[in-house]
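We did not get these values from a lab; they are worked out from the coordinates using the rules stated. What you are looking at is a predicted structure, and each value in this text was computed from that prediction instead of being measured. So basically every Cβ, Gly included, is an ideal-geometry build from the backbone, and we count neighbours across all protein chains shown.
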Amino acid sequence: MTRSKNTHAILLEYLVLISALLIFGVFIFLYQKDQVYRDAMVVLLGSFYVAWGVAHHIRHARLTLRIVLEYVFVALLGCLMLATMFL
Amino acid sequence: MEHGYWAHISPEGKDPWQFIQAQKYTYTSAGENLAKDFAETEAMIRAWMNSPTHRANILDTRFTETGIAVVDGQLDGVETTLVVQMFAHPSQQIAIITEPDIAQATRTSESTELTPELFLQSSPNAQPSMGKNLNPDVMSAQVVAVEDAKLAFLSPLQISKAVFLAVITLLIIVLLYDAYLERKYHTIRNVGKNIAHVSFLLFVGILIVILKGGTLL
């Protein structure tokens, strides 16, 4: 893969991440008063982020358990904040 | 709150209508709206009116009486504010208020917004009726006693938001500094992408800022 193609692929991956985050943001905002939907969206958001991280590192052949745990930790932290904010 | 649950149905399986019947209030139709942890009354009303089922209860012309309880306290060890609004159409027109200090409570609720509210309305047009319930002669309504609301400097929601935003800001600063050092010293490391973590945490931070709080049932 050339450097230019690689850069395009990475940009595309980040575009997918940002777009998905925006979509999740809209849904969480719309369903913020409904505890069940809101929590479901937050869980989906965290799962998506971990899946994105794993897919990203698999594409670049750099996936290790430590990296997976890193994404899981960041996703858990963010989702726990969103889920527990209204308790 | 003292029974440690917030739901239409109690953990023992009691529904709201059993609580109404326990007070010997007879009705032909009844409804219940619940809300939790709203910082402002306006936001709660807006949320109810935006929810089709809650809005239907509020606008239902069959209901001629309502009772509202607003209680501050701890639920599962967490400070919160619960609001319960009951709607009903009584079987009989006359209401006997059994709470002795209702007059005082009503006066207090008129005097300040921060005091728990207590309403009992009776419509002059209410029809004596079919009587879903036990005693057709007497309708009584016991109003839930509520404690004085305390003026807090910061609500639990605002404190949560402040703490979470501080943690997120700190993490973002650390991640950005780490990315700066990595770039400066051309370090080769096999770790997660800082830019992705920063984007995700920034997104969570924005959500924490814009979400209003409060939950309906």
Kirkwood hydrodynamic radius for chain A: how many Å is it when counted over pairs of different Cα atoms?
-> 14.1
Over the stretch A:3-85, what is the relative contact order in whole percent, taking alpha-carbon pairs under 8 Å and six or more residues apart?
-> 28
Counting other chain Cβ atoms within 10 Å of each Cβ in A:77-85 and taking the mean gives 6
Can you give me the three principal axis dimensions of the stretch B:4-74 from its C-alpha atoms, in Å, biggest first?
-> 34, 33, 17
Note, ³J(HN,Hα) from phi for the stretch B:12-20, Karplus 6.51, -1.76, 1.60, rounded to Hz, x at Gly and Pro = 7, x, 7, 9, x, 5, 5, 5, 5
Inter-chain Cβ neighbour average for residues B:201-212, partner chain, 10 Å = 6
Chain A, helix-only ellipticity at 222 nm - DSSP H runs n ≥ 4, -39,500 (n - 2.57), divided by all residues, nearest 500 = -29500 deg cm²/dmol
Would you mind giving the mean number of other chain beta-carbons within 10 Å of the Cβ of each residue in B:186-196, as a whole number?
-> 5
